[in-house]
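The values are calculated or read from the model by the stated rules, or taken from the named source; none is laboratory data. All figures in this text were calculated on a predicted structure; none of them were measured in a lab. Note: ideal-geometry Cβ built from the backbone for every residue, glycine included; neighbour counts use all protein chains shown.
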Protein chains: 2
Amino acid sequence: MDIIKPRIMKGTRDFLPEDMYIRDKVMEIIKGHFTRYGFRPLATPAMEYYDVLTGKYGEEGEGLIFDMAYKGGKEVALKYDLTVPMCRVIAQYRDKIAMPFKRYQIQPVWRAEKPQKGRLREFYQCDADVVGVKEVSADVEIIALITDIIEDIGFTQSKTFLNHRKLLTGLMEYLGVSAEDIPVAIRILDKIDKVGVEKVMEEFIQTGYEKGVVEEMFRLTETTDDPIKDLNKLEDALKGGTGEESASEAINDLKEIFRLLKEIGISRDKVIFSPRLARGLAYYTGTVFETVVEEPKIGSIAGGGRYDTLIGLFTGVDVPATGMSLGLERIIQVIQELGMMKEATGSVDILICPFGPEDVGASLKIAKEFRKAGISTDVYTSDRRMKKKLKYADRLGVGKVLVVAPDETARGMVRLKDMESGDEVEIGIEGVVEEVLAHLNKMSKD
Amino acid sequence: MDIIKPRIMKGTRDFLPEDMYIRDKVMEIIKGHFTRYGFRPLATPAMEYYDVLTGKYGEEGEGLIFDMAYKGGKEVALKYDLTVPMCRVIAQYRDKIAMPFKRYQIQPVWRAEKPQKGRLREFYQCDADVVGVKEVSADVEIIALITDIIEDIGFTQSKTFLNHRKLLTGLMEYLGVSAEDIPVAIRILDKIDKVGVEKVMEEFIQTGYEKGVVEEMFRLTETTDDPIKDLNKLEDALKGGTGEESASEAINDLKEIFRLLKEIGISRDKVIFSPRLARGLAYYTGTVFETVVEEPKIGSIAGGGRYDTLIGLFTGVDVPATGMSLGLERIIQVIQELGMMKEATGSVDILICPFGPEDVGASLKIAKEFRKAGISTDVYTSDRRMKKKLKYADRLGVGKVLVVAPDETARGMVRLKDMESGDEVEIGIEGVVEEVLAHLNKMSKD
């Protein structure tokens, strides 16, 4: 018979135990923070109806959606992100969901991209959103949450760049950009991170903006290390002009955010006013932010903002919402690359090695007692040479091996071997649980 | 603009927080046992290549596979179970995986079934398998593991019905069933649970088996409460006949299993020798078993067996393997129906309610300290009336509310309200963390 060639689709991944331990550990840390902040878990199906999925992104997203062949295609597809399904959930279970609804969601999403470095077809997203709070205090909670998570993971230096969509709108209006051109202008501005200020200024000019206007745009969006001063400056500059209305709402929001951040003790160098930050997605309506880790040098690791009109696609009524998406895959990748969280090996506490087949029963019996006592225990039940069994313990990083051999069990004894030192000690089968627990506790204290 | 109708595909489900808490709790318990038994986590992509997926089930499975429209369909599809992907993984990463490989996997799978009660299109499977151990001690470990999990979940009465595929083969051979007819005969036998002994006997006769042969089949497979006695009886009956070879290998395996189960103290009424048990899947080669919970009355909740040739589809060389699949969805459903695990509500420890907008900063500041101390804390930052805020606390089952009001904060005080008794007590902002921790500890002791 022909062998089936074992392989997986490019852009998807298997996670072997070594990967899973790190992944589980990181998710556990993140979930802990979500819970401490009062966020509650949600999960949605992998498949969604096509019109539900495309509502937000329109044609832009369609190319990235994995269609199912179900009923000829284009009826259902794999979910593309976690935000749209959450918006659908809000609309679908309005009576069941208490508002405000703070939800977190950690699930895989799928994108029909051409796979390349850092671009996957299946990856986990990790979102936290506050629905039903129009006040910026919710945005502040989101930013505080990100800061806590990043610090707890062990990334020491992070910065969150913060802006407001309405400030961008107001600024564009002030500069005379027409309403229909604003999305295009925002998309050009969004490239600053990638291509730099000069190239973006050039593109504006090539698109037809006057040099003077473009220069003013960049002059007005220069910042100092004092966001309140910068915001006041902008407020003054835009006063009386077109765009004042949008801008002043944004400026008030941002001032309130910086005031609250200061009050709760998030230091000024952690959150940076960045009036040129756009963030691509069309659905943002208020705050937008992006968090970058500088030590270790990772780059963007979280982003988000306010989207007060997206849920309305499903409800017909605007529902305020703000949230963030954490770059879970990037975080895990960096942790693995830097060899962080080495302790997350998942090794069992002890491996029991029966000397021969006739010792398997006694070994399983001891294993049962160990497990009952909370000691994670593996038993090497295959009939192999002891050398092979010890090699297995080594490979899996097991610290203690219990050898169950006939000569010793006849005397009511077993042998405990420390894999690191090689030391062996005989202990009685009677009381073997307490004895081994004592050895394990000693080890964890060393 | 038209509203997008919020809905999901039949046979798929959303899990709201109340569901998620139970699901997470159950999975945590199960994972705890897997870990204690030395099983290690694995995860594989949602999508697999079509030939990988269909290798095991052949045409039988094809109708149940959710195809992707990717490249015109039939190239990739959603995975149908967790066993085939694991077999692929074993073949694909042979150098990276230490043998024996004990792996567990908890992931969703998809089946293109017509949805009906208890039949879903997306559901979680929960598998544990031992790869690389040909000895039945591995099967014993799997059975012991199931027993532990079921007891820990709180299902008090369970029974595991155990048989061996080679015993069935030997028996059929003895009765003169030709080799190519054996799978059909096993499939008829497999219906006993659904239609009863008489109907199955009838079907055998209608299929063309002589009445005497069928009666002998059922006479030979009658059992007492002593499996060793039953096995000896079978051994004697089949001695010298066709089928002796297959049967005696099976009988030796089963005797060894019952001996080991006795030695590790799993009582005789927990594991029942069931020589008529078939289990539908074609790939089993040795032990087969099914675990049924009788109190509460749930029915089949786990099943599995040995499949020593399946991995060979990908490697070309047989690799022994045995394992089980736990009916996770059924377990969760019963837990929810019976109102078990009510404590898994995920409520925060405390909700902070600022009296007005000007108290939000102080509230967030206290929240930050609470969270740092491990107290899960929600803050009601929306500008609403206090009554509404307290109603939210009630709805989410939060036991303690901290009211932050200007009059009191001016005196350095806040108010702690017990939602159950309605009692309120003023406490100083200085030392509020210790004070609240004391109240929470007191509560958990009550």
Tally, over the range B:334-362, of residues that are exposed (fewer than 15 other Cβ atoms within 10 Å of the Cβ) and of a type in the set (D, E, K, R): 4
Output for the range A:242-262, where each listed residue is surrounded by 16 or more Cβ atoms within 10 Å (Cβ to Cβ), farther than 16 Å from residue A:287 by Cα and charged (D, E, K, R): A:244
Failed item in (1) under 27 Å from residue B:335 (Cα atoms); (2) more than 7 Å from chain A (Cβ to nearest Cβ), with residue B:144 passing the rest: (2)
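How many residues are of a type outside the set (D, E, K, R) and either under 21 Å from the mean Cα position of the chain (by Cα) or closer than 30 Å to residue B:413 by Cβ (or both) if we restrict to the range B:305-344? Spell out the reasoning first.
First, the residues of the range B:305-344 that are of a type outside the set (D, E, K, R): B:305, B:307, B:309-317, B:319-328, B:331-336, B:338-341, B:344.
Among the residues that remain, those that are also either under 21 Å from the mean Cα position of the chain (by Cα) or closer than 30 Å to residue B:413 by Cβ (or both) are: B:305, B:307, B:321-328, B:331-336, B:338-341, B:344.
Counting residues in the range B:305-344 that are of a type outside the set (D, E, K, R) and either under 21 Å from the mean Cα position of the chain (by Cα) or closer than 30 Å to residue B:413 by Cβ (or both) gives 21.
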Test for residue A:135: is it without any contact (Cβ under 8 Å) to a residue 24 or more places away in the chain and either at the interface with chain B (Cβ under 7 Å from one of its Cβ atoms) or crowded, with 24+ Cβ neighbours inside 10 Å (or both): yes
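Counting only residues that are within 9 Å of chain A (Cβ to nearest Cβ), modelled with pLDDT of 95 or more and on the phi < 0 side of the Ramachandran plot, give me the helices (runs of 4 or more DSSP H) lying completely in the range B:17-120 with at least 2 of them. Step through it out loud before you land on a result.
On the way: elements: B:17-36, B:50-57, B:59-62, B:83-92.
Because the criterion is at least 2 residues that are within 9 Å of chain A (Cβ to nearest Cβ), modelled with pLDDT of 95 or more and on the phi < 0 side of the Ramachandran plot, the helices (runs of 4 or more DSSP H) in the range B:17-120 that meet it are B:17-36, B:83-92.
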Filter result (out of contact with any Gly (no Cβ under 8 Å at 6 or more places or on another chain), assigned to a strand (DSSP E or B) and under 21 Å from residue B:200 (Cα atoms)) within the range B:273-294: B:273
Filter pass, residue A:331 being more than 8 Å from chain B (Cβ to nearest Cβ) and buried (at least 17 other Cβ atoms within 10 Å of the Cβ): yes
From A:265, A:304, A:240, residue being closer than 30 Å to residue B:367 by Cβ, outside any helix (DSSP H, G or I) and without any contact (Cβ under 8 Å) to a residue 60 or more places away in the chain: A:265
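How many residues are in contact (Cβ under 8 Å) with a residue 24 or more places away in the chain and farther than 19 Å from residue A:432 by Cβ when one looks only at the range A:339-357?
Of the range A:339-357, the ones in contact (Cβ under 8 Å) with a residue 24 or more places away in the chain are A:340-341, A:344-357.
Still in the running and farther than 19 Å from residue A:432 by Cβ: A:340-341, A:344-347, A:356-357.
Final tally of qualifying residues: 8.
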Pairs where the first residue, in the range A:401-429, is in contact (Cβ under 8 Å) with a residue 12 or more places away in the chain and assigned to a loop (DSSP other than H, G, I, E, B) and the second is surrounded by 11 or more Cβ atoms within 10 Å (Cβ to Cβ) and acidic (Asp, Glu), C-beta under 7 Å, 6+ apart: A:405/A:359; A:419/A:394
Failed criterion for residue A:156 (all others in (1) crowded, with 20+ Cβ neighbours inside 10 Å; (2) over 22 Å from residue A:49 (Cβ atoms) hold): (1)
Looking only at the range B:358-371, and only at residues there that are free of Cβ contacts under 8 Å to residues at least 60 places away in the same chain and not aliphatic (A, V, I, L, M), the one that is farthest from residue B:405 (Cα to Cα): B:371
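Determine whether residue A:323 is closer than 30 Å to residue A:416 by Cα, touching a residue at least 12 places away in the same chain (Cβ under 8 Å) and more than 11 Å from chain B (Cβ to nearest Cβ). Please lay out each step first, then the result.
Numbers: closer than 30 Å to residue A:416 by Cα: no; touching a residue at least 12 places away in the same chain (Cβ under 8 Å): yes; more than 11 Å from chain B (Cβ to nearest Cβ): yes.
Against the criterion (closer than 30 Å to residue A:416 by Cα, touching a residue at least 12 places away in the same chain (Cβ under 8 Å) and more than 11 Å from chain B (Cβ to nearest Cβ)), residue A:323 does not qualify.
Let's see how each residue does on (1) in the same structural domain as residue B:105 (by TED's automatic domain parsing); (2) of a type in the set (A, V, I, L, M):
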{"position": "B:3", "(1), (2)": "no, yes"}
{"position": "B:20", "(1), (2)": "yes, yes"}
{"position": "B:27", "(1), (2)": "yes, yes"}
{"position": "B:43", "(1), (2)": "yes, yes"}
{"position": "B:53", "(1), (2)": "yes, yes"}
{"position": "B:74", "(1), (2)": "yes, no"}
{"position": "B:78", "(1), (2)": "yes, yes"}
Whichever residue in the range A:362-386 is among the charged types (D, E, K, R) and more than 7 Å from chain B (Cβ to nearest Cβ) and, among such residues, is nearest to the chain's Cα centre (by Cα): A:372
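Can you find a residue that is among the small types (Gly, Ala, Ser) and under 38 Å from the mean Cα position of the chain (by Cα) anywhere in the range B:432-441? Even if it seems obvious, please write down each step before you answer.
Of all residues in the range B:432-441, those among the small types (Gly, Ala, Ser) come to B:438.
Remaining after also requiring under 38 Å from the mean Cα position of the chain (by Cα): none.
The answer is no; no qualifying residue exists.
For residues that are more than 7 Å from chain B (Cβ to nearest Cβ) and without any contact (Cβ under 8 Å) to a residue 12 or more places away in the chain, scanning just the range A:1-11, find the one that is surrounded by the most Cβ atoms within 10 Å (Cβ to Cβ). Give the derivation first.
At the first step, the residues of the range A:1-11 found to be more than 7 Å from chain B (Cβ to nearest Cβ) are A:1-2, A:5, A:10-11.
Checking which are without any contact (Cβ under 8 Å) to a residue 12 or more places away in the chain leaves us with A:1-2, A:5.
Values: A:1: 7, A:2: 8, A:5: 12.
Top of the filtered list is A:5.
With respect to residue A:138, is the statement that it is touching a strand residue (DSSP E or B) at 6+ places or on another chain (Cβ under 7 Å) and either farther than 30 Å from residue A:244 by Cα or in a strand (DSSP E or B) (or both) true? Reasoning before the result, please.
Details: touching a strand residue (DSSP E or B) at 6+ places or on another chain (Cβ under 7 Å): yes; either farther than 30 Å from residue A:244 by Cα or in a strand (DSSP E or B) (or both): no.
No: the conditions fail for residue A:138.
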Test: residue in the range A:275-288 that is surrounded by fewer than 18 Cβ atoms within 10 Å (Cβ to Cβ) and modelled with pLDDT of 95 or more: no
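Name the single residue that is surrounded by the most Cβ atoms within 10 Å (Cβ to Cβ) among those in the range A:12-47 being charged (D, E, K, R), closer than 15 Å to residue A:108 by Cβ and in contact (Cβ under 8 Å) with a residue 60 or more places away in the chain. Break it down into steps so the answer makes sense when it comes.
If we filter the range A:12-47 for residues that are charged (D, E, K, R), which is where we start, we get A:13-14, A:18-19, A:23-25, A:28, A:31, A:36, A:40.
Applying the additional criterion that residues be closer than 15 Å to residue A:108 by Cβ yields A:13-14, A:19, A:23-24.
After this cut, where a residue has to be in contact (Cβ under 8 Å) with a residue 60 or more places away in the chain as well, the list is A:13, A:19, A:23-24.
Numbers: A:13: 17, A:19: 16, A:23: 20, A:24: 17.
For the range A:12-47, the residue satisfying everything is A:23.
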Members of the range A:194-237 that are loosely packed, with under 15 Cβ neighbours inside 10 Å and outside any helix (DSSP H, G or I): A:196, A:208, A:210, A:222, A:224, A:225, A:226
Condition met for residue A:390 (of a type outside the set (Phe, Trp, Tyr), under 20 Å from residue A:440 (Cα atoms), within 14 Å of chain B (Cβ to nearest Cβ) and surrounded by 15 or more Cβ atoms within 10 Å (Cβ to Cβ)): yes
Of all residues making up the range A:147-173, the number that are assigned to a helix (DSSP H, G or I), away from every other protein chain (no Cβ under 14 Å) and in contact with a strand residue (DSSP E or B) (Cβ under 8 Å, 6 or more places away or on another chain): 2
